[in-house]
Each structure stands twice: as C-alpha cells, then as structure tokens.
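The numbers here are math on the coordinates, done by the rules we state, and not lab data. Not measured: the values here are computed from a predicted model. All Cβ positions, even for glycine, are placed from backbone atoms using ideal geometry, and neighbour counts span all protein chains on display.
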Amino acid sequence: MTFYAKCTQYGTGCDWLIWVTKMQKKYCWEIRRYNGSHTCTRSSISQDHSKLDSKTVAEAIKPLVEVDSSIKVKSVIAKVQSKFNYTISYRKAWLAKQKAVESIFGGWEASYEALPIWFEAMCHKEPSVVVHFETMPAYQGNDLVPNIRVLHRVFWSYYPCIRAFRHCKPVVQVDGTHLYGKYKGCLLVAVSQDGNNNIVPIAFAIVEGETSEA
C-alpha cells in the first residue's frame, strides 16, 4: 500500500511532496521520498479554509491562554501569522480565544451551574462556613420560565475571617471588581485592618452590581 501527496502548487513554485509505503510483515510505514517541511501556506490557505478554522487556531494558542487568559485578540492574530504565515480575521481570532478559554477553564454555564455544588462541598468540609444564596425567576425573552430560578446573589465568609475581625479596627471597607465574562455582575470583598495595618478579608459576595440593595 502506497500513499503519495504533494502541494497543490507543486511545479509552479512549491516542490513539497511525500511518498510513503507500508512495509510487508513489519506493520510500519517507510518514507520513500520527502522534500522537507511544507512552508507554502499563504498560497494554499484562505481565511475560509476548513483546516484553519477557529478550532484549529484555538489549539494553536492554548499555551498562550494558559499563561494569560486575558491575552489580547491582536496577540492571537500575531501568533497565527507567525505560525501559519496567514492573517486571520478579528472575529475568527476572538472565537478561537473563547474556545481555548473554555477548553482550559471550562464553560461559563458549567461554571455557574457548579457554584451550588462547590459551596455545598465547602460547607461539608468546613461546617463553620457561612453561605447565603438569593435566586430570582428565569425568563426566556419576556416569558417567565416556570419552575426555574437562577442565581441572583451569593454571600460567603469563612470562620477564621469572622474570628479575625474581632481583632481588627472597627472599620469595614467594601471594594468590588466588575465581572466581564458572559454573565455580568460584581465581586465584592469586605475587608478590615488589624493592629499592624494589614488588610484582612472578612466576607465575599457575587452580586448584580455595587448597589445599596446588594
């Protein structure tokens, strides 16, 4: 059995080809001819090429996303240009980054669905943990979805943090950072200071925003 492959531009500027043959009774393949690495990508790959889709790009940039999940889309485009010698569109680079993030860290839906399980496991391991959930009705467009409620707010604090507050100055500061993922909101942290002016975290919450109700 023999396989033979060559570049679509073979004979008109690219000399890449490979020829392999299955060896009898050895259950292996022998390369009979190989003209070296194929670098003729610009002439054969287009933006809509099925083998340079967002999934392929996602696999190529996974090492970068593992190091920095907030990597800029323009850095993704530059990485693809360096690796494949082709400039992909902004949208394809953005989609590839989302797929790489989901592949490494999990999807947004799965992460939020796991929150109750995560808090239940935390309370089981450490019963002194204080956790409080608030949910709200779910809507599909303007229609109420019956028997379904979604996360609205969640508050939690660890017993060592609660105990540490007894030894802190009687001042509490609440700071927050916006969540920029698929599900918007705000992560709040209540902190205080001990006698050495060290910051001591007291409690945490995920809410819809920095509002008086939250």
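General observations
- Most fluctuating residue given options Ile77, Ile88, Ile199, as computed from a GNM of the chain linking Cα atoms under 10 Å: Ile199
- Exposure rule at most 14 other beta-carbon atoms within 10 Å, DSSP loop trypsin sites (Lys or Arg not before Pro): the chain longest free segment: 73-165
- Short-range pairs are left out: with C-alpha atoms under 8 Å and at least six residues apart, the relative contact order of the chain is 10 percent.
- Along its three principal directions, the equivalent ellipsoid of the chain from the Cα gyration tensor extends over semi-axes of 54, 21, 20 Å, largest first.
- Folded to 0 to 90 degrees: helix 115-125 orientation relative to the chain principal axis, Cα: 60
- Under 5 Å, built H, 5+ apart or other chain: amide partners of Gly185: Leu179
- Residue with peak Gaussian network fluctuation, the chain [Cα springs, cutoff 10 Å], from Tyr86, Tyr180, Tyr27: Tyr27
- The alpha carbon gyration tensor of the range 79-166 gives principal lengths a ≥ b ≥ c with a/c of 1.5 or higher and a/b no greater than b/c, which makes the shape oblate.
- Extended-chain gain in nm, criterion 0.36 nm per residue less alpha-carbon gap, Ala78 and Glu213: 44.1 nm
- Most fluctuating residue given options Ile61, Ile104, Ile18, as computed from a GNM of the chain linking Cα atoms under 10 Å: Ile18
- Relative to the longest principal axis of the Cα atoms of the chain, helix 54-67 runs at roughly 50 degrees.
- Cα long-axis angle, helix 90-105 against the chain (0 to 90 degrees, to the nearest 10): 60
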